[in-house]
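Scroll down for the structure; my scribbles are underneath it.
The values are calculated or read from the model by the stated rules, or taken from the named source; none is laboratory data. Bear in mind the structure is a predicted one, so any value in this text is a computation, not a measurement. For neighbour counting, all protein chains shown are included, and Cβ atoms are generated from backbone atoms with ideal geometry for every residue, glycine included.
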Amino acid sequence: MMTAEERLAAADVLEQAERDRVQATQLSITWPHIDFEDAYAISAEGARRRVAKGARIVGHKVGLTSKAMQRSSMIDEPDYGYLFDTQAIADGGKAIHANYCLPRVEVELAFVMGKALKGPGVNLTDVLRATEYVVPAIEIVDARLKDTRKIHDTISDNGAGAGLVMGGRPVRPTDVDLRWVGGIMSKNGEVEETGLAAGVLGHPAMGVAWLANKLGTHGVSLEPGHIVLAGSFTRVVFAKKGDTLNADFGPLGALAIQFV
């Protein structure tokens with residue numbers, strides 16, 4: 001386990017990497033004794049610093065929930081990070097490529113909470129009852145640390161969360177079988193990735209349940225109005241300057257973002 005001073009130093013490393021847009025050495029190399037408790041504490045410190053600078057927490061993101069993402073990251077469990085109002089980009093809007101170290105995008109479903117939800121013991125039906133609506137989303141993920149990152153590095157780095165686009169058609173969580181919601185990610189008109197939301201722990205609401213139970217161990221609950229990105233059901237697609245990314249969710253609509 002890291003000392004309090006080491007955790008603050010690690011948060012400094014991540015803050016500088018994000019500010020300079022230059023990837024830093026993995027925390028797991030600098031502090032090989034880092035553990036899960038350390039990683040989440042470092043992430044929380046990063047969130048505290050963003051809020052102190054004027055950002056507002058608007059929800060959470062769940063990562064590494066699908067087998068595809070777990071295999072690509074060589075881990076076998078999810079993680080989470082924070083969503084901030086400063087990360088939101090309008091559907092069809094532009095993202096400044098130079099604001100990221102290594103931007104990539106993912107196809108996800110966003111759950112907008114209608115009621116508070118707190119673990120432990122939260123299950124799928126609890127999530128469906130507490131959700132006001134579900135809407136298609138694109139998550140921008142970034143890597144403020146160099147490869148090869150370990151799970152502790154990713155968690156410390158806010159779960160790699162960096163941006164959020166929501167659009168398409170909002171639906172009530174019981175109006176459609178969310179397992180069968182499909183997503184097609186295209187880059188500059190060419191299909192890059194496809195997948196079904198069932199790839200997220202068998203049902204995307206299970207990503208939200210996992211998050212509620214995980215946060216519950218820290219005495220934190222999901223609040224009404226908060227957004228939860230339930231996790232990607234495809235692999236990431238890398239974005240270069242000038243790329244236009246389009247996510248097509250079929251009956252739920254489509255959304256897009258351009259990197260400039």
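Scan the range 232-252 for residues that are farther than 19 Å from VAL127 by Cα and assigned to a loop (DSSP other than H, G, I, E, B) and jot them down.
Passing the criteria: THR234, ARG235, VAL236, ALA239, LYS240, LYS241, GLY242, ASP243, PHE249.
What pairs can you find where one residue is in the range 24-35 and in contact (Cβ under 8 Å) with a residue 24 or more places away in the chain, the other is part of a helix (DSSP H, G or I) and of a type in the set (D, E, K, R), and their Cβ atoms are less than 8 Å apart, with a gap of 6+ or different chains?
GLN26/ASP153; LEU27/ASP153; SER28/ASP153; TRP31/GLU6; TRP31/ASP38
Among the residues of the range 15-58, what is the count of those that are of a type in the set (A, V, I, L, M, F, W, C), assigned to a helix (DSSP H, G or I) and either at pLDDT below 95 or closer than 15 Å to ASP79 by Cβ (or both)?
So in the range 15-58, the residues of a type in the set (A, V, I, L, M, F, W, C) come out as 17, 22, 24, 27, 29, 31, 34, 36, 39, 41-42, 44, 47, 51-52, 55, 57-58.
Narrowing further to those that are assigned to a helix (DSSP H, G or I): 17, 27, 29, 36, 39, 41-42, 44, 47, 51-52.
Narrowing the set further to residues that are either at pLDDT below 95 or closer than 15 Å to ASP79 by Cβ (or both) leaves 27, 36, 39, 41-42, 44, 47.
Qualifying residue count for the region: 7.
Which condition from (1) among the small types (Gly, Ala, Ser); (2) crowded, with 16+ Cβ neighbours inside 10 Å; (3) more than 16 Å from the chain's Cα centre (by Cα) is the one that ALA9 breaks?
(2)
Name the single residue that is nearest to ARG172 (Cα to Cα) among those in the range 233-260 being in contact with a helix residue (DSSP H, G or I) (Cβ under 6 Å, 6 or more places away or on another chain) and modelled with pLDDT under 95.
Step one: filter the range 233-260 for residues in contact with a helix residue (DSSP H, G or I) (Cβ under 6 Å, 6 or more places away or on another chain), giving 233, 235, 241, 259.
Now narrow it down to the ones that are modelled with pLDDT under 95: 233, 235.
Working: PHE233: 20, ARG235: 26 Å.
Residue satisfying both the conditions and the ranking: PHE233.
Kindly establish whether ALA256 is closer than 30 Å to LYS115 by Cβ, among the small types (Gly, Ala, Ser) and surrounded by 15 or more Cβ atoms within 10 Å (Cβ to Cβ).
no
Of all residues in the range 63-86 being buried (at least 21 other Cβ atoms within 10 Å of the Cβ) and among the small types (Gly, Ala, Ser), which is modelled with the lowest pLDDT?
Restricting to residues being buried (at least 21 other Cβ atoms within 10 Å of the Cβ) and among the small types (Gly, Ala, Ser), the top hit is SER66.
Which number in (1) farther than 15 Å from HIS60 by Cβ; (2) touching a residue at least 24 places away in the same chain (Cβ under 8 Å); (3) in a loop (DSSP other than H, G, I, E, B) marks the one condition that ASP175 misses?
(2)
In a strand (DSSP E or B) and either buried (at least 22 other Cβ atoms within 10 Å of the Cβ) or in contact with an Asp or Glu (Cβ under 6 Å, 6 or more places away or on another chain) (or both) - does that describe any residue in the range 146-159?
The answer is no, given that none of the residues of the range 146-159 is in a strand (DSSP E or B) and either buried (at least 22 other Cβ atoms within 10 Å of the Cβ) or in contact with an Asp or Glu (Cβ under 6 Å, 6 or more places away or on another chain) (or both).
Which residue is nearest to ARG149 (Cα to Cα), if the candidates are limited to the range 15-42 and must be aliphatic (A, V, I, L, M) and in contact with a strand residue (DSSP E or B) (Cβ under 7 Å, 6 or more places away or on another chain)?
From the range 15-42, those aliphatic (A, V, I, L, M) are 17, 22, 24, 27, 29, 34, 39, 41-42; that's our starting set.
Retained after the next criterion (residues that are in contact with a strand residue (DSSP E or B) (Cβ under 7 Å, 6 or more places away or on another chain)): 17, 24, 27.
Numbers: ALA17: 15, ALA24: 11, LEU27: 9 Å.
Among residues in the range 15-42 that are aliphatic (A, V, I, L, M) and in contact with a strand residue (DSSP E or B) (Cβ under 7 Å, 6 or more places away or on another chain), the one nearest to ARG149 (Cα to Cα) is LEU27.
Within the range 201-231, can you find the residues that are over 19 Å from VAL107 (Cβ atoms) and part of a helix (DSSP H, G or I)?
Of the range 201-231, the ones over 19 Å from VAL107 (Cβ atoms) are 209, 212-226.
Scanning the range 201-231 gives ALA209, ALA212, ASN213, LYS214, LEU215, GLY216.
For the range 207-233, enumerate the residues that are crowded, with 23+ Cβ neighbours inside 10 Å and either of a type in the set (Ser, Thr, Tyr) or closer than 21 Å to ALA247 by Cβ (or both).
GLY207, VAL208, VAL228, LEU229, ALA230, GLY231, SER232, PHE233 - these are the residues of the range 207-233 that are crowded, with 23+ Cβ neighbours inside 10 Å and either of a type in the set (Ser, Thr, Tyr) or closer than 21 Å to ALA247 by Cβ (or both).
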